[in-house]
Amino acid sequence: MNYQRSSALFAEAESVIPGGVNSPVRAFKAVGGTPIFIEKAQGAYLYDADGNTYIDYINSWGPMILGHAYKPVVDAVVEKAKKGTSFGTPTEIETRIAELAISMVPNIDKIRFVNSGTEACMSAVRLARGFTGKEKIIKFAGCYHGHSDSFLIQAGSGAVTFGTPNSPGVTQGTAKDTLLATYNDIENVKDIINANRNEIACIILEPVAGNMGCIPPKSGFLEDLRALCDANDILLVFDEVMTGFRLAKGGAQERYNIKADIVCFGKVIGGGLPVGAFAARNEIMNYLAPVGPVYQAGTLSGNPLAMAAGLAMLEELNKDSDIYDRLENKTKYLHEGIQKVLIENNITHTINRVGSMISVHFSDIEIVDFQSSATGNNESFKKFFHGMLNEGVYIAPSAFETWFVTEALTYDDLDKTIEAVNTVSKSL
Ligand SMILES: *Cc1c(COP(=O)(O)O)cnc(C)c1O
């Protein structure tokens with residue numbers, strides 16, 4: 001494929017935007033090469049600046065569960081835009097999307113809308129601290145909760161000690177309040193709680209991890225976390241920015257039948273516009289300003305265009321009783337097809353899948369946490385990524401990302417994808 005125009009656009013972008021991108025993973029640093037500039041998208045396809053077409057498995061990193069430029073969503077945004085794009089006052093549509101979200105998701109009475117998943121998780125943690133009167137939080141290595149300071153933490157020395165900043169600009173003071181645990185390792189969580197008695201406000205996690213590949217919770221892990229939280233007056237925060245409205249109408253809470261205390265949303269809930277949200281039962285949500293003492297605000301929060309896109313998206317998902325089964329069946333088909341050709345071509349691999357989330361790891365061990373995910377062969381992944389791109393299939397440019405299957409993908413698209421994997425495997 002020819003990427004001439006993309007390369008020229010990237011060179012221009014680099015001179016005015018750091019690294020040429022507004023979010024680092026887009027820069028292709030993990031896979032090498034020049035990022036591709038997309039001009040438009042429709043359904044399951046991306047169209048780039050050089051006229052190349054791709055079957056898309058990034059889907060804006062999750063939001064486009066029904067495919068790109070989905071008509072009801074686009075129409076809702078266009079109609080809303082004609083009436084003014086922001087007022088900074090309450091609008092009716094905020095109540096309508098709140099009502100619908102609350103009716104779809106278990107265990108929440110009230111929801112507050114923000115502008116990104118980062119903001120949702122950051123605010124959820126502040127609320128958990130305010131509600132419990134405690135300061136420390138537990139997060140899991142490899143789980144991503146956006147780029148706010150408390151979450152940019154890596155393991156310190158010794159599993160039970162506090163974390164250290166993993167980005168300059170994050171202070172030691174902030175880092176000491178974030179305790180880092182190992183995903184799917186309940187004994188590790190118990191040790192951390194025991195070493196920090198009555199100091200932990202919340203445990204935050206992706207109930208299905210999606211930012212170190214797709215990693216399902218081991219059987220009993222979520223139940224055990226719930227029990228530990230109950231026994232120690234700790235709030236359980238599910239970051240469902242990726243899994244919310246994707247794994248089921250009610251997200252991972254519904255799929256695994258586990259009750260979280262606070263739930264964070266983003267991605268699908270905004271239908272492709274910048275939206276995040278956090279939600280909980282009344283007792284907790286009433287701690288938020290202006291009812292309660294915990295401050296949180298936003299000039300563009302509940303923006304009419306964003307709410308119109310989100311509402312249209314949730315309405316489509318809510319009225320379609322088979323959508324999640326269809327998505328899961330397609331993902332299973334893709335999994336089995338890819339597995340078959342990787343085996344035929346003698347490629348070492350492990351595939352993880354939950355619902356419409358799937359990841360291919362070039363490793364033969366079970367991928368259950370960050371450490372096991374990091375064993376994947378990155379040289380193979382780089383070749384695989386560029387090979388797939390050349391075959392017209394766009395997967396995320398990092399081995400730690402999940403592929404998203406959408407309603408817009410046909411079985412013919414899936415067959416083409418499997419055939420592309422077969423072709424690329426021969427040169428791995
Ligand atoms: C994408 C993501 C976020 C961050 O959301 P942004 O909208 O990028 O700020 C947080 N948590 C999870 C689980 C995510 O996948």
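For the pair the range 291-346 / the range 57-79, the C-alpha centres are spaced 10 Å from each other.
Assign one of three labels to the chain, namely rounded, prolate or oblate, based on the Cα gyration tensor with a ≥ b ≥ c the square roots of its eigenvalues; rounded applies when a/c is under 1.5, prolate when it is not and a/b is larger than b/c, and oblate otherwise. Mind showing how you got there, number by number?
Values: a/c = 1.56, a/b = 1.21, b/c = 1.29.
Because a/c hits 1.5 or more and a/b fails to exceed b/c, the chain counts as oblate.
Given 0.36 nm per residue, what is the gain on full extension from residue 340 to residue 81 after removing their alpha carbon distance, in nm?
Values: separation 259, 0.36 × 259 = 93.24 nm, distance 4.77 nm.
So the extension gain works out to 88.5 nm.
Distance between the 7 Å Cα→Cβ label points at residue 14 and residue 319: 4.8 nm. Each of 349, 372, 276 was scored by the projection of its Cα onto the charge dipole of the range 258-411, and the greatest displacement toward the positive side belongs to 276; charges sit on the C-beta of Lys, Arg, Asp and Glu.
Per residue, the range 71-319 exposes 39 Å² of accessible surface when a 1.4 Å probe is rolled over the protein heavy atoms with every protein chain present.
Would you work out which of 144, 193, 229 lies farthest towards the positive end of the dipole of the range 135-246? Charges go on Cβ: Lys and Arg +1, Asp and Glu -1. My answer, from the dipole projection, is 144.
Which net charge results for the neighbourhood of residue 267, defined as the other residues with beta-carbon distances under 10 angstrom from its beta-carbon, given Lys and Arg at +1 and Asp and Glu at -1? If you can, show how the numbers build up before the last one.
Working: positive: 246; negative: 240.
Here the charged neighbours net out to 0.
Computed with every protein chain present, the accessible area of residue 300 is close to 90 Å² [probe 1.4 Å]. Give me the percent of accessible area attributable to carbon and sulfur for the range 71-319, probe 1.4 angstrom. The computed percentage sits at 52. Remark: relative contact order (the range 330-415) = 28 percent; criterion is Cα-Cα distance under 8 angstrom and separation of 6 or more residues. Using a Gaussian network model of the chain with C-alpha springs under 10 Å, which one of 150, 23, 363 is most mobile by mean-square fluctuation? Judging by the Gaussian network model, the answer is 23.
For the range 421-428, putting each phi into the Karplus relation 6.51 cos²θ - 1.76 cosθ + 1.60 with θ = phi - 60° gives couplings of 4, 4, 4, 5, 4, 5, 10, 7 Hz, in residue order, rounded to whole numbers and with x for Gly and Pro.
Given the options 100, 253, 179, identify the residue whose Cα lies farthest towards the positive end of the charge dipole of the range 71-319 (+1 on Cβ of Lys, Arg; -1 on Cβ of Asp, Glu). The Cα lying farthest towards the positive end belongs to 100.
With n ≥ 4 as the cut-off for DSSP H runs, can you work out [θ] at 222 nm for the chain, using -39500 (n - 2.57) per run divided by the number of residues, rounded to the nearest 500?
Working: 14 runs with 156 residues, N = 428.
Counting only the DSSP helices, I get -11000 deg cm²/dmol.
Charging the Cβ of each Asp and Glu at -1 and of each Lys and Arg at +1, and nothing else, the dipole of the range 24-173 about its Cα centre rounds to 420 debye. Is the C-alpha gyration tensor of the range 1-127 telling us rounded, prolate or oblate? Criteria: a/c under 1.5 is rounded; beyond that, a/b larger than b/c is prolate, otherwise oblate. Prolate is the answer for the range 1-127, as a/c is 1.5 or above and a/b outweighs b/c.
Fully extended, how many nm does the chain gain between residue 29 and residue 69 (0.36 nm per residue separation, minus their Cα-Cα distance)? Display every interim value, and only then the final one.
Numbers: separation 40, 0.36 × 40 = 14.40 nm, distance 2.82 nm.
Full extension from residue 29 to residue 69 adds 11.6 nm.
Classify the range 208-277 as rounded, prolate or oblate from the Cα gyration tensor: take a ≥ b ≥ c as the square roots of its eigenvalues, call it rounded if a/c is under 1.5, otherwise prolate when a/b beats b/c and oblate if not. It comes out prolate by the Cα gyration axes. Report the accessible area of residue 230, computed with a 1.4 Å probe over the heavy atoms of all protein chains in place, in Å² rounded to the nearest 10. Approximately 100 Å² for this residue. Residues whose amide H lies under 5 Å from that of residue 181, counting only those 5 or more places away or on a different chain, are 139, 140, 141; hydrogens are built 1.01 Å from N in the peptide plane.
From the protein chains alone at 1.4 Å, what is the descending order of accessible area for 335, 147, 361, largest first?
Highest to lowest solvent-accessible surface, that is 147, 335, 361.
Scalar couplings 3J(HN,Hα) for the range 98-115, obtained by applying the Karplus form with A = 6.51, B = -1.76, C = 1.60 to θ = phi - 60°, are 4, 4, 5, 4, 5, 6, 8, 9, x, 6, 10, 9, 9, 9, 10, 8, 10, 10 Hz; x denotes Gly and Pro. Projected label points at residue 172 and residue 329, each 7 Å from Cα along the beta carbon direction, are separated by 5.9 nanometres.
Need the full-extension length gain, residue 426 to residue 198, defined as separation in residues times 0.36 nm minus the C-alpha distance. One decimal, nm. Kindly include the intermediate steps, with their values, before the conclusion.
Details: separation 228, 0.36 × 228 = 82.08 nm, distance 5.55 nm.
Contour length minus the Cα-Cα distance gives 76.5 nm.
Rounded to the nearest 5, what is the percent of antiparallel bridges among the DSSP beta bridges in the range 71-319? Roughly 45 percent of the beta bridges in the range 71-319 run antiparallel, per DSSP.
Loop sites by DSSP among the chymotrypsin sites (Phe, Trp or Tyr not before Pro) of the chain, restricted to those with at most 12 other Cβ atoms within 10 angstrom, leave 88-294 as the longest stretch without any of them. When the surface is traced with a 1.4 Å probe over the full set of protein chains, residue 75 keeps roughly 70 Å² accessible.
The values are calculated or read from the model by the stated rules, or taken from the named source; none is laboratory data. This one's a predicted model, so the numbers in the text were calculated from it and none came from an experiment. Positions of Cβ are generated from backbone atoms using ideal geometry, with glycine treated the same way; all protein chains shown enter the neighbour counts. Each accessible area value is taken on the protein alone, full model and side chains, heavy atoms only, with ligands, DNA and RNA left out. Shrake-Rupley method; radii C 1.70, N 1.55, O 1.52, S 1.80 Å.
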